[in-house]
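Student: Pasting a structure here, questions to come.
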Amino acid sequence: FTLPSAIVLAACALGAASLAGAEGLLHGLKLVAVAVVAQAVWGMTRTLTPDRPRAAIALAALALVVFIGGGFGQLAAIALGALAGLVLCAEAAPARDMPSPAEAPVLPVPLSRRAGALLLILFAALLVVPPVIAATTGIQALALFDAFYRSGALVFGGGHVVLPLLQAEVVTPGWVSTSTFLAGYGLAQAVPGPLFTFAAYLGAAMGPPPNGIAGAAIALGAIFLPGLLLVTGMLPFWDQLRRRARAQAAMRGANAAVVGLLGAALYSPVFTGAVFGPPDFAAALAGFLLLTVWRVPPLAVVVVLAAAGLFLA
């Protein structure tokens, strides 16, 4: 499911040095990132913030991330969004994929609660133990695993939310440059499969080792692992949890908060790292309209904006 896209993106990262002279092509890929993230913000705003309380939560999360920044600001925004949802979203209409508590059907799961609890304990332990060991030993491979595992564990509301999380983990410490990050994100739109395969590109393009194939393998495994542990571990408890109105309200608040996170990322680093003048803005806007109005496939938009980047260069 993941391997074809991961191989293509890792290969592109390993061959990025050969594109060093193709600044126009790389710039076009950055403009793709602007169009795609803008489309994601637009779509998530309509589905995850359909009323005033959730719009307010999204705006507050955006402000929190802007003023605090980093991974702590993003984690705080999601946590506070969930808490705000308990208060502000209790009476909101249920999401389309989450029925009201009275309508939720029984969900039989062939997995014991003990097995589920062990998986959830492992999920939590991998959030806490690796960063402590990495900080005390300085093992870069463990720090790399921790960065991508934590990013995968905090994604709510859609795959595009991983953009600001990964940016804080790999660009801020200087492992990957902003230019390389945005070009890879644009390139990820040209391959099939989940957006998480972007991790393979970043792991291969890392400055400090392990990078290359080893870095791609660590990053890819780490970013998918928390979701697998959390989904499987929650299965024995999900039938009861999804019937609780307060749990649904908290999830509405958390999902609204991630709209604010992605909105902040749309400005920086996506917009500020790709749009340097009116021609760039016009090209990015054209890509956004192709995606949202004309429903052009993302691969075609990648080709168009890559060509536009060459032309503008």
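Student: Determine which member of the set 270, 275, 293, 301 is within 22 Å of the chain's Cα centre (by Cα) and surrounded by fewer than 22 Cβ atoms within 10 Å (Cβ to Cβ).
Tutor: 275
Student: With the condition kept exactly as written, say whether any residue in the stretch 246-265 is farther than 22 Å from residue 41 by Cβ and among the charged types (D, E, K, R).
Tutor: yes
Residue-wise test of (1) of a type outside the set (A, V, I, L, M, F, W, C); (2) farther than 24 Å from residue 290 by Cα.
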| site | (1), (2) |
| --- | --- |
| 159 | yes, no |
| 166 | no, yes |
| 184 | yes, no |
| 198 | no, no |
| 215 | yes, yes |
| 238 | no, yes |
| 246 | yes, yes |
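Student: Okay, next question. All but one of (1) closer than 15 Å to residue 255 by Cβ; (2) surrounded by 15 or more Cβ atoms within 10 Å (Cβ to Cβ) hold for residue 51, so report the exception by its number.
Tutor: Looking at each condition in turn, residue 51 falls short on (2).
Student: Quick one: which of 199, 183, 216 is at pLDDT 95 or above, within 23 Å of residue 28 (Cβ to Cβ) and not acidic (Asp, Glu)?
Tutor: It is 199.
Student: To continue, here is another question. Kindly list, by first and then second residue, each pair from a residue in the stretch 123-147 that is over 12 Å from residue 210 (Cβ atoms) to a residue that is in a loop (DSSP other than H, G, I, E, B), limited to pairs with Cβ atoms under 9 Å and residues at least 6 apart or on different chains.
Tutor: Note: pairs meeting the criteria are 133/139; 147/173; 147/175.
Student: Just checking: which of the helices (runs of 4 or more DSSP H) contained wholly in the stretch 153-253 hold 1 or more residues that are open to solvent by 40 Å² or more (accessible area, probe 1.4 Å)?
Tutor: Qualifying helices (runs of 4 or more DSSP H): 178-188, 212-241.
Student: May I ask you to say which residue of 106, 87, 65 is at pLDDT 80 or above, among the β-branched types (Val, Ile, Thr) and farther than 28 Å from residue 269 by Cα?
Tutor: Being at pLDDT 80 or above, among the β-branched types (Val, Ile, Thr) and farther than 28 Å from residue 269 by Cα holds for just one of 106, 87, 65, which is 87.
Student: Cβ-Cβ distance below 8 Å, separation of 6 or more or different chains: which pairs start in the stretch 293-307 with a residue that is over 17 Å from residue 191 (Cβ atoms) and end on one that is surrounded by 14 or more Cβ atoms within 10 Å (Cβ to Cβ)?
Tutor: 307/28
Student: For residue 31, are the conditions met, namely being at pLDDT 95 or above and under 24 Å from residue 304 (Cβ atoms)?
Tutor: So residue 31 fits the description; yes.
The values are calculated or read from the model by the stated rules, or taken from the named source; none is laboratory data. Keep in mind that what you see is a predicted model, and the values were worked out from it rather than measured. Here the Cβ is made from the backbone with ideal geometry for all residues, glycine too, and neighbour counts use every protein chain on show. The area values use the complete protein model at the heavy-atom level, side chains included, leaving out ligands, DNA and RNA. Shrake-Rupley method; radii C 1.70, N 1.55, O 1.52, S 1.80 Å.
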